[in-house]
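Below is one structure, written out as structure tokens, with a few remarks after it.
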Amino acid sequence: MPLLLNRLLAAIVVTCAALAGTAPAMAQPDAPELYKKHCAECHGADRLGRQGPALLPQNLKRLRKKRALGVIANGRPATQMPAFGEQLDKSEIAALTDLIFTPLAIQPVWGKAEIEATRNIAVEVDKYIKAPMYGADPLNLFVVVETGDHHVTILDGDSFEPIHRFKSRFALHGGPKFTPDGRYVFFGSRDGWVTKFDLYTLEILAEVRAGINTRNIAISPDGSSIAVANYLPHSLVILNATDLAVENIFDVRSKDGESSRVSAVYQAPKRNSFIAALKDVPEIWEIKLEQGPTLRRLNIDEPLDDFFFDQGYRHLLGSSRDGKSAVVIDIDAGKPVKRIALPGLPHLGSGITWTYRDRQVMATPHLKEGKVSVIDLNDWSILKTLETRGPGFFMRSHEKTRYAWTDVFFGPNRDLMHIIDKTSLEIVKTIKPAPGKTAAHVEFDRDGSHAIVSIWDLDGAIVIYDAATLEEVKRIPMSKPSGKYNVWNKITFSEGSSH
Ligand code: DHE
């Protein structure tokens, strides 16, 4: 078509659009095409993840759309995610963001065959190594999860010197789980990867992807199997702890056949079982391990989340969905026995216990209110409510220390850490390890003489305190050290630590 005629036609289109009160239609970016060109190689054509994480709404929930736009435009520091801000315009980035926040049209299948296809096992060198290949006490190591650049540091718990650092899977979540002898540790990532690591040889021994969107993992009391709690698909997967081969997959449905996500799975050492919290149906599952994994259903009145277990594993306390109360379940009887009014969403999974005067108490921070509740475990009554400078996430103590530490994770005072005297139930000191940066998650060394606090920042650190004088002893730079776990405290189920 001659150029003049072309221009004339274009002018007519614009004039007609203006007369009709509409702008000429702009071509919409072709999001699937853009995804194929720029994202599929790392994140998978199916969006289930490859070397990059899965790009599904379930997996991206914590990122939120606004931050996702920024990550696509500017990349992600300390990862292989490049910046696309120069190659793609704003509407293309927005279209890609919409696409990755759209659920898949068909639910992906992630059964035995798919899981097994991802399994990697290293040569079994661990069989011939009978002692740690370093001088430090293997039972006083700390495993520090650094979520800033997705690494794990192994720290000597006597000298407080790092002895090893390795790359982890993207976004590890929940505490790593240790075999009873403390030799092997297992990690779970939000994208479903389970990694087995040898604390003697300091090598990764095996990996498998047991889910697409995973909550956490648990290890059986004898260390022979690993349970994996999944949101996507709705499954509870049992792996053999030696080589991470699939042993069982429970398709999670209520007795009426309704499908449910699994909020979390826990080890119940004194019951030789796993216990799972179900998100969508009023049941708790106990997987008994005596003669192969067998399901026992506990029927309850409403779905409960975020469990705390008493030291005998006779009762559990679960958070009610309304965020205002917690329900005590007698696990043997398989039924609720008491409801406790606990407004402000108690974070029961962070609950710790100790002996106060003549009784056992548990203390829990609250995710939505600045307080810590202390509960008498004899009758589940609230003994005391401590006012804090903001809602907290984690709490820790140790049998051999007088103090319990709790963070102020949310709000303007997130750089504070409260120290509670367990004998008076009073906050006796408040520290500010790094002004302006979130201070969170404490763990003690084996003998309870030192407490380690995390500075949750890409340019963060762990700060080691003398647990008696409460003075700082040492500071080691780290990349958002989300949690740290002492081998001894974990394998002995210390009452001051998470289980
Ligand atoms: Fe966690 C443990 C659930 C958000 C860091 N978190 C747990 C556990 C559960 C849980 C059930 C116990 C599992 C275990 O250790 O085996 N977490 C949830 C949630 O439901 C919640 C509120 C929302 C979600 O998106 O899942 C949530 N958790 C977070 C975070 O945003 C945190 C702060 C940062 C992150 O890395 O995701 C976070 N959660 C942790 C950590 C632990 C944890 C560090 C282990 C604590 C321990 O000391 O054992």
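Can you tell me how segment 119-198 classifies by the Cα gyration tensor, rounded, prolate or oblate, using a/c under 1.5 as the rounded cut? Taking the square roots of the gyration eigenvalues as a ≥ b ≥ c, segment 119-198 is oblate.
Taking a ≥ b ≥ c as the square roots of the eigenvalues of the Cα gyration tensor, the chain is classed as prolate, since a/c reaches at least 1.5 and a/b is larger than b/c. Taken as Cα centroids, segment 301-352 and segment 243-262 sit 22 Å apart, rounded to the nearest whole angstrom. In order along segment 220-230, the Karplus-derived 3J(HN,Hα) couplings, from 6.51 cos²θ - 1.76 cosθ + 1.60 at θ = phi - 60°, round to 6, x, 8, x, 8, 9, 10, 9, 10, 9, 10 Hz, and Gly and Pro are given as x.
On a 0 to 90° scale, report how tilted helix 3-19 is relative to the longest principal axis of the chain, with both axes built from alpha carbons and the result rounded to the nearest 10. The answer is roughly 60 degrees. Apply the a/c threshold of 1.5 to the C-alpha gyration tensor of segment 27-100 and tell me whether it is rounded, prolate or oblate. Rounded, since a/c falls under 1.5. Computed over the chain, relative contact order equals 9 percent, with contacts defined as Cα pairs under 8 Å that lie 6+ residues apart. Near the amide H of residue 273, within less than 5 Å, lie the amide hydrogens of 268, all on another chain or at least 5 residues away, with H placed in the peptide plane. Spin-label model, residue 340 to residue 447: label points 7 Å out along the Cα-to-beta-carbon direction sit 3.4 nm apart. FRET efficiency for the pair residue 51 and residue 492, taken as 1/(1 + (r/R0)^6) with r the Cβ-Cβ distance and R0 = 45 Å, rounds to 0.75. Rounded to the nearest 20 debye, the dipole magnitude of segment 27-100 is 500 debye, with +1 charges on Lys and Arg beta carbons, -1 on Asp and Glu beta carbons, and the Cα centre as origin. Note: relative contact order over segment 27-100, using C-alpha pairs below 8 Å and six or more positions apart, is 32 percent. The string of couplings for segment 89-101 from the Karplus curve (6.51, -1.76, 1.60, θ = phi - 60°) is 8, 4, 5, 5, 5, 5, 5, 5, 4, 4, 4, 6, 8 Hz, one whole number per residue in order, with x for Gly and Pro. Calculated FRET efficiency, residue 302 to residue 116, Cβ-Cβ distance, R0 = 41 Å: about 0.65 to the nearest 0.05. Near the amide H of residue 428, within less than 5 Å, lie the amide hydrogens of 419, 420, 421, all on another chain or at least 5 residues away, with H placed in the peptide plane.
Setting aside same-chain residues fewer than 8 positions from residue 66, which lysines have a Cα under 19 Å from its Cα? Here the lysines satisfying the reach criterion relative to residue 66 are 90. Mean residue ellipticity at 222 nm, helices only, the chain: -3500 deg cm²/dmol; runs of at least 4 DSSP H residues each add -39,500 (n - 2.57), and the sum is divided by the number of residues. Here the gap between residue 459 and residue 429, fully extended at 0.36 nm per residue and compared with their Cα-Cα distance, gives a gain of 8.2 nm. Rounded to whole numbers, the Karplus 3J(HN,Hα) couplings from phi for segment 435-443 are x, x, 10, 4, 9, 7, 6, 10, 9 Hz, using 6.51 cos²θ - 1.76 cosθ + 1.60 with θ = phi - 60°, and x at Gly and Pro.
Just so you know, all these numbers are worked out from the coordinates, no wet-lab data involved. Just so it is clear, the model here is predicted, and its values are computed rather than measured. For neighbour counting, all protein chains shown are included, and Cβ atoms are generated from backbone atoms with ideal geometry for every residue, glycine included.
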